[in-house]
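Student: One structure, as structure tokens, below. Some questions next.
The values are calculated or read from the model by the stated rules, or taken from the named source; none is laboratory data. Model, not experiment: these values are computed from the prediction. Please note: Cβ atoms are built from the backbone with ideal geometry, for glycine as well, and neighbour counts cover all protein chains shown. SASA here: full protein model, heavy atoms, side chains in, ligands and nucleic acids out. Shrake-Rupley method; radii C 1.70, N 1.55, O 1.52, S 1.80 Å.
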Amino acid sequence: MRKPVMAGNWKLYKTAAETSAFFEKFMPAIADRKRAEIVICPPFVNIPAAVAASSASSVEVGGQDLFWLQEGAYTGEVSGNMLAAIGARWVIIGHSERRQYFHETDETVLKKTQAALASGLNPIVCVGERLEEREAGATESVLRTQFTGGIGALTPEQFAKIVIAYEPVWAIGTGKTATPEMAADAHRVLRAEVAQRYGQAAADACRILYGGSVKPDNVKGLMAQEEIDGALVGGASLDPASFAAIVNF
Ligand code: PEP
């Protein structure tokens, strides 16, 4: 039985004060939730506020990115050790916005995933096809390429510690959600890749989240799919009531 992960990606939103205000409303709304692991990924500078506000609970905090080296002359970067030192337990890697605007590739995704694991962080590694790729019937091949060119090069021990997020790019921030069946189909493709590379037991254990316009009114249908092991939520995770409704699906 795979325990769901419900993760919020706050992108470039909220100050430290707004972060604390979110948790004041969010914590009572999810009190005693044991059904899912809950992760919030604020901008780097607000991780301490999020850690302080959630420290008495099982809610965990993550970064939205990291660099693949631990230190050096890399202006503007943040390392896995730095994230772990301020209380982050998770990190999102290879989000499509990072791939699109910051030129991340499957190769950098692999390096970042290895760096995150070396720092003891739990990586949530994002993959997903663009609209033109889906329309061209290339979804499966895109997912296979992202897998084999990136996380498929991890060792079995490393792979066992990651979570995959399937995020069709056309569904992110657009209000267009993949149907539960479409998402489950893509998850099956990814799980088959895991089985082929790491064996059936690893595939059965691997948690694959869906991300792309998940909202309180569509989360139940998505989570009803056996293939879907949680959600990576952008816009709807910014509001405490809305993210609590998703977590409490
Ligand atoms: C995301 O940022 O990973 C995401 C899925 O965003 P949204 O839920 O807003 O589509």
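Student: Could you please give the count of residues in the range 126-146 that are out of contact with any Phe, Trp or Tyr (no Cβ under 7 Å at 6 or more places or on another chain), within 20 Å of Asp65 (Cβ to Cβ) and open to solvent by less than 10 Å² (accessible area, probe 1.4 Å)? Please lay out each step first, then the result.
Tutor: Here is the first cut: in the range 126-146, the ones out of contact with any Phe, Trp or Tyr (no Cβ under 7 Å at 6 or more places or on another chain) are 126, 129, 132-133, 135-146.
Checking which are within 20 Å of Asp65 (Cβ to Cβ) leaves us with 126, 146.
Now drop any that are not open to solvent by less than 10 Å² (accessible area, probe 1.4 Å), which leaves 126.
The total comes to 1.
Student: Identify all residues within the range 189-204 that are surrounded by fewer than 15 Cβ atoms within 10 Å (Cβ to Cβ) and either closer than 17 Å to Met223 by Cα or touching a Ser or Thr at 6+ places or on another chain (Cβ under 9 Å) (or both); write none if there are none.
Tutor: First pass over the range 189-204, keeping only residues surrounded by fewer than 15 Cβ atoms within 10 Å (Cβ to Cβ): 196, 199-201, 204.
Of everything in the range 189-204, just one residue is surrounded by fewer than 15 Cβ atoms within 10 Å (Cβ to Cβ) and either closer than 17 Å to Met223 by Cα or touching a Ser or Thr at 6+ places or on another chain (Cβ under 9 Å) (or both), namely Asp204.
Student: Can you tell me which residues in the range 169-193 are near the ligand (Cβ under 10 Å from one of its atoms) and touching a strand residue (DSSP E or B) at 6+ places or on another chain (Cβ under 9 Å)?
Tutor: Correct list: Ala171, Ile172, Thr177.
Student: Now, a different point. Is there a residue in the range 203-211 that is more than 22 Å from Gly62 (Cβ to Cβ) and more than 15 Å from the ligand (Cβ to nearest atom)? Don't jump to the end; show me each part of the working.
Tutor: Looking only at the range 203-211, we keep the residues that are more than 22 Å from Gly62 (Cβ to Cβ), and these are 203-204.
Subsequent filtering for residues that are more than 15 Å from the ligand (Cβ to nearest atom) retains 203-204.
Looking through the range 203-211, at least one residue is more than 22 Å from Gly62 (Cβ to Cβ) and more than 15 Å from the ligand (Cβ to nearest atom).
Student: Which fully enclosed helices (runs of 4 or more DSSP H) of the range 1-113 have 1 or more residues being free of Cβ contacts under 8 Å to residues at least 24 places away in the same chain and surrounded by fewer than 15 Cβ atoms within 10 Å (Cβ to Cβ)? Quick ask: steps written out before the conclusion?
Tutor: Values: elements: 16-29, 47-54, 80-85, 96-102.
Result: 16-29, 80-85, 96-102.
Student: Could you check the range 183-249 for helices (runs of 4 or more DSSP H) lying wholly inside it with 3 or more residues that are touching a residue at least 40 places away in the same chain (Cβ under 8 Å) and under 22 Å from Cys41 (Cα atoms)?
Tutor: Numbers: elements: 200-205, 219-223, 240-247.
Filter on the range 183-249 gives 240-247.
Student: Something else: What single numbered condition from (1) among the acidic types (Asp, Glu); (2) under 19 Å from the mean Cα position of the chain (by Cα); (3) more than 16 Å from the ligand (Cβ to nearest atom) fails to hold for Asp65?
Tutor: It fails just one condition, (3).
Student: Would you mind finding the one in Lys176, Lys215 that is open to solvent by 40 Å² or more (accessible area, probe 1.4 Å) and either of a type in the set (Asp, Glu) or within 16 Å of the chain's Cα centre (by Cα) (or both)? Let's see the steps before the verdict.
Tutor: Working: Lys176 fails: either of a type in the set (Asp, Glu) or within 16 Å of the chain's Cα centre (by Cα) (or both).
Criteria check complete, one pass: Lys215.
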